[in-house]
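So the structure is just underneath, and the comments pick up after that.
The values are calculated or read from the model by the stated rules, or taken from the named source; none is laboratory data. Source: prediction; values computed, not measured. Cβ atoms come from the backbone with ideal geometry, glycine included; neighbour counts cover every protein chain shown.
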């Protein structure tokens, strides 16, 4: 049913087809998110709706691999401009100046140290486990 | 004079103004970052915020009025998260071969991200609502807000801390990984995705497509895990 959002490939010039494909992709992304939100709320899952939507889209790609080529032009643009979508929340800094002005240095140190530690933990674990499992697989 | 004042009162309260300002600020920031060759410190989110925040501050515009317009962009975070399915799908073969490193690195990164934030915030003697607000900082914004609210933090403050964390991760990941001489794009991408969510993922896509795909996986999985572990860590550590 969600796949009905796929674009019609016949008729129209290339440009019009491109626009339709873009809207169809956007419709599919929104549908996946909506189903994800409904499932998360309806089943009281601790998982966020968009993440369930992501899992649903993966499932759809698995069921119909050619879908990937139809989605790629639009998802490529969205993911290439992911940074844009964080700007509104980032500007929220001006709504929190009172709290931030008091503890800004402590918060900056906490965020920096904690983020570096998390990256070190993740990269160290990833490489260690990869070496162990690849050696195990190779032996 | 009154005409100018009336025009300004329209502009400053119209969602259109702040939506336009957000898009233009981002385009300018992105163009500048590209021209500079995307160095780690020229972060597009940071530069956009630095362009917009002084305008709001100078014109006395409340964040709520700004967000009336900017919410249309903020809303796209949801579909963009769903769109991460595509790079995951494209990299399904390499992912299948690194399931164990992915899962263990996820647990390590996620627990350290939230646990160290809580312990450091306590060590600095911050008030409890700040400790609770900083705990979910490494997960993507909409998820972090939900967690913050659930454990008793301040969601609007969490949003800012999440963005700052993303910027810090995006700015530091390249120098850090180069310093450690880590050449595995999968590991590099995964680390920044766990620690610095979508902004780290955007940075990873800037540097290398495989790193971007792994950052996307890390971000999606960490959204799941953080919402499970922060309530537990908060009970233990706060």
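What the table below lists for this structure:
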{"quantity": "Residues satisfying the stated conditions in the stretch A:39-56, i.e. more than 8 Å from chain B (Cβ to nearest Cβ) and surrounded by fewer than 16 Cβ atoms within 10 Å (Cβ to Cβ)", "calculated": "A:41, A:42, A:43, A:44, A:45"}
{"quantity": "Qualifying position, being touching a residue at least 40 places away in the same chain (Cβ under 8 Å), within 16 Å of residue A:83 (Cβ to Cβ) and crowded, with 20+ Cβ neighbours inside 10 Å, among B:171, B:234, B:162", "calculated": "B:171"}
{"quantity": "Inter-residue pairs, beta-carbon under 6 Å, first within 15 Å of residue B:18 (Cα to Cα) and in the stretch B:71-85, second at pLDDT 90 or above and surrounded by fewer than 20 Cβ atoms within 10 Å (Cβ to Cβ), 6+ apart", "calculated": "B:72/B:19"}
{"quantity": "When residues of the stretch B:142-154 are limited to those that are surrounded by fewer than 24 Cβ atoms within 10 Å (Cβ to Cβ) and touching a residue at least 12 places away in the same chain (Cβ under 8 Å), the one farthest from the other protein chains (Cβ to nearest Cβ)", "calculated": "B:152"}
{"quantity": "Residue selected from the stretch A:81-99 under the condition touching a helix residue (DSSP H, G or I) at 6+ places or on another chain (Cβ under 9 Å) and more than 7 Å from chain B (Cβ to nearest Cβ), by the criterion nearest to residue B:31 (Cα to Cα)", "calculated": "A:81"}
{"quantity": "Selection status of residue A:36, facing another protein chain (nearest Cβ under 7 Å), touching a helix residue (DSSP H, G or I) at 6+ places or on another chain (Cβ under 9 Å) and outside any loop (DSSP other than H, G, I, E, B)", "calculated": "no"}
{"quantity": "Test: residue B:207 is farther than 27 Å from residue A:33 by Cα and at pLDDT below 95", "calculated": "yes"}
{"quantity": "Those residues of the stretch B:33-52 which are touching a residue at least 40 places away in the same chain (Cβ under 8 Å) and within 24 Å of residue B:18 (Cα to Cα), in sequence order", "calculated": "B:43, B:44, B:45, B:46, B:49"}
{"quantity": "Residue in the stretch A:76-99 that is modelled with the highest pLDDT, counting only those that are more than 16 Å from residue B:73 (Cβ to Cβ) and surrounded by fewer than 18 Cβ atoms within 10 Å (Cβ to Cβ)", "calculated": "A:76"}
{"quantity": "Residue that is nearest to the chain's Cα centre (by Cα) [pool: residues in the stretch B:91-102 that are more than 7 Å from chain A (Cβ to nearest Cβ) and in contact (Cβ under 8 Å) with a residue 60 or more places away in the chain]", "calculated": "B:102"}
{"quantity": "Residue that is modelled with the lowest pLDDT, among those in the stretch B:120-132 that are at the interface with another protein chain (Cβ under 9 Å from one of its Cβ atoms) and under 25 Å from residue B:193 (Cα atoms)", "calculated": "B:130"}
{"quantity": "Within the stretch A:57-73, considering residues that are in a helix (DSSP H, G or I) and more than 7 Å from chain B (Cβ to nearest Cβ), the one surrounded by the most Cβ atoms within 10 Å (Cβ to Cβ)", "calculated": "A:60"}
{"quantity": "Hits in the stretch B:88-101 - residues which are surrounded by fewer than 22 Cβ atoms within 10 Å (Cβ to Cβ) and in a helix (DSSP H, G or I)", "calculated": "B:88, B:89, B:90, B:92, B:93, B:94, B:95, B:96, B:97, B:99, B:100"}
{"quantity": "Members of the stretch B:15-45 found to be touching a helix residue (DSSP H, G or I) at 6+ places or on another chain (Cβ under 7 Å) and either assigned by TED's automatic domain parsing to the domain that holds residue B:203 or under 13 Å from residue B:69 (Cα atoms) (or both), listed by number", "calculated": "B:15, B:16, B:17, B:18, B:19, B:21, B:22"}
{"quantity": "Residue in the stretch B:51-60 that is within 12 Å of chain A (Cβ to nearest Cβ), within 30 Å of residue A:28 (Cα to Cα) and assigned to a helix (DSSP H, G or I) present", "calculated": "no"}
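Let's see how each residue does on (1) farther than 14 Å from residue B:40 by Cα; (2) modelled with pLDDT of 95 or more:
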| site | (1), (2) |
| --- | --- |
| B:143 | yes, no |
| B:153 | yes, no |
| B:156 | yes, no |
| B:159 | yes, no |
| B:170 | no, yes |
| B:181 | yes, yes |
| B:187 | yes, yes |
| B:193 | yes, yes |
